[in-house]
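Structure record follows, encoded as structure tokens.
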Amino acid sequence: MNLSSIPVNKIRIILFFFFIMFFLVIVFLFRWQIVDEKKFEAMATERIKNIEIPALRGSIYARDGSTLAFSERRFDIYAYLLEIERAESYGKQTREEYISKVSKVLDKKPEDLAKLLDDGKSNGSVWILIATKLTYEKKEELVNLKRDNEPNYPLEGNFVEYTSKRIYPEKTLACHVIGYYGYNDISQLVGMAGIEGYWEGSLKALEGFQQEQVDSFGNIITILDFTPIEEQRGVDIYLTIDVNLQKIIESSLNDGVVKYQAESGAAVLIDPKTGEILALANYPNYDPNEYQKYAQERPEVFNNIAVNVPYEFGSVGKIFTVSAAFEEHKVTPDTLILPNGHNGCEFFLDKDRSDCQENPNNCRVCTADRLPQGPMTVAKGLIKSDNIALYHTAKEIGSELLYKYLNAFRIGYPSGVELYESYSYLKPLEKWNEADLVTYSYGHGYQATLLQLISALTGVANDGKMLQPYIVSKIVEPDGTEKIMEPKVISQPISPETARIIGGILNQVYKNSLYEYWNRDLLKYAIAMKSGTALVPYTDRAGYSEDINATYIGYDLSNEKKFILGVWLYKPKGTLSTYNTRTVWINMFRGIKNYLDVPEQ
Amino acid sequence: MQKLVEYNESLNKPSIFHKIQKQVAIILGIVLVIALGANLSLLTFLGTKGDELSKIRNAQEQQKLINDLYRSRIEALNVNTEIDKQARDELKMRKSDIIIIDSDNLKRIAAK
């Protein structure tokens, strides 16, 4: 085309046309962006769909790989009133048809569903929650409902939202270890207590996020400037808990607490060679599937007292005193620590002091039965659990060394287990008074949880090496990466030789405790045993009540060092409380010995 | 007269400015046509891809749901008591093959 042949006027008309076009564009842009900004912004927002991509919480498995907790995909169903009304006005379906078909799938009465919709409408809602936590099959049944007059088209008005249900298939088993998944004080669904709570950050799923633009027909418009965030399943956690051992321990503990009318009880079973917690039980227990029922009626059952309640365990602490004395070579098992015996009580302060005359019990140490005894060696003192013999043994080592060894056994420290735990500080040495060396010598005056106590005693049961107790053996990431927990020595308070001597003395305690003929068959096992009894302090004032904490510990003395087991009954009733706790321990041992293949002597 | 004719001719003769105006008008026209065409084809292309994407995403979502479903079914079966029961009832294993029962408590558990 020859440009010079186009008349200038025509070109001016075209340019004028372009000018008008651009002017109109500016006018419309002004209208869209300034005048009707809100309206178009709302329309644009409707075209952008933000989609959360759900993922499931990680599972919890026992030592054998069997499932202790898992999450199942479930669905919440909402009725969208506007869509139901619109579908009716367009003649697609009737409200009655919707109610009839949906109520049948949901196993509801049609009148109940109709009332639900009416109530929602009268409250001004357009989205009405009509079913929660439906299974996949039920959800599929619901979304595949068709209209009567157009059988190829789905029934309108239902919207599906993803949710999940946490399932604990073993119910009460190991409930205090596992914890539960529920609503916290601010209505957030989180892991509470146990592994569920402590490992919340790892177990919880990370929801994905995706943004889509749709056209006015609702079809997706591909966009290139947004990368979806992938959802991520929570990690899977494998425990050291052996389900069969846990069943045995729980069953014996439950029976013992009920039979001996204790307020509660706890038991801990550890492999002393590795520190793996094979069983950890508390009673009363609960079913985490129904945590809400317990939260309302008996919230105290959630407390894992084996790791959360430090208490005075009494004479079991004598093991630490004697271990320190042997390790420091201050005494030997045959040292005649009480050459003249005692009269049942002995003053450790001047009995002529005025305060001692007023209240002699504050100034003297007595045995449990307060009966006189003849000359006594250190070994015999430990076997008879004689408080006065232990006081004299502690005098041989002094406060500083006793304090040093209690620290070496990590009394006053958390055990470090991967669970929420409490601990009680050991009083600093500079604050010890005249009575502390005395009371500490026979295991009174300081506290630890049952788990901390058993953990400390792995230092004796495992040739002087104290193992870090642990309950999580393996973590498996969603991509299959595994992290395996390894045993860890955290302290070496005594030598193997001292541990062997202590074991020999405690074996005699075990033999002495099997005096009934029906327990004689257990004499073939090399077991070390020690009991402890302490009065329960008042919670609202100073002093001690008549109730007791009764503790029994025992461990395998064979070279295979199969187990260390501790049992604690809180406030058992009757004069034979300590005896009864021993029965609970023996019942547990009978249950586990063959399963663990504990060697005979 | 000659001057008048020359003047009229000079009026009809396109100036540099007129030439630029013409060029701009043509370029704008071409750009407009290309832009409209490209826009239409892009939207058409994206529209078909969007439809495909919807189908793929729906299929992916459904697959994830089915995976979740199978996983939870396996988890529900992978329960110690369930394994125990199946071993006894279906595989006809003896009790001692699963767990050696020694105490009264265990016998009670087994009886439940």
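Here, each number is a calculation from the coordinates, and none is a lab measurement. Because the structure is a prediction, the values reported are computed rather than measured. So basically every Cβ, Gly included, is an ideal-geometry build from the backbone, and we count neighbours across all protein chains shown.
Cys residues of the protein assembly as shown that find no other Cys beta carbon under 4.7 Å: A:Cys175.
Size descriptors for segment A:63-171 (Cα atoms only): Rg and Dmax, in that order, 16.6, 60 Å. Suppose only helical runs count, i.e. DSSP H with n ≥ 4. What mean residue ellipticity at 222 nm does that imply for chain A under -39500 (n - 2.57) per run, divided by all residues and rounded to the nearest 500 deg cm²/dmol? It comes out at -11000 deg cm²/dmol, rounded to the nearest 500.
Ordered by the count of other Cβ atoms within 10 Å of each Cβ, fewest first, A:Lys427, A:Lys109, A:Lys38 give A:Lys38, A:Lys109, A:Lys427. Listed by Cβ neighbour count within 10 Å, with the fewest neighbours leading, A:Met588, A:Met376 appear as A:Met376, A:Met588. In this Cβ point-charge picture (+1 for Lys and Arg, -1 for Asp and Glu), chain A has a dipole of about 400 debye about its Cα centre. What the Kirkwood sum gives for segment A:50-95 is a hydrodynamic radius of 14.8 Å, with every pair of different alpha carbons counted. Let me make sure I get this right: for segment A:451-551, a, b and c are the square roots of the gyration tensor eigenvalues over alpha carbons, sorted descending. Under 1.5 in a/c it's rounded, otherwise prolate if a/b > b/c, else oblate. Which is it? Oblate shape, in that a/c is at least 1.5 and b/c is the bigger or equal ratio. Relative intensity of chain A on a log10 scale, I(q)/I(0) at q = 0.05, 0.08, 0.12 Å⁻¹, equals -0.38, -0.70, -1.16, per a Debye sum over C-alpha point scatterers of equal strength in the absence of solvent. Multiplying the residue separation of A:Glu400 and A:Arg298 by 0.36 nm and subtracting their alpha-carbon distance yields 32.3 nm. Among B:Leu42, B:Leu65, a tally of other beta-carbon atoms within 10 Å of each Cβ gives an order, fewest to most, of B:Leu42, B:Leu65.
The modelled label-to-label distance for the pair A:Asn144/B:Ile74, using points 7 Å beyond Cα in the direction of Cβ, is 2.4 nm.
For segment A:361-391 versus segment A:279-339, the inter-centroid distance based on Cα atoms is 23 Å.
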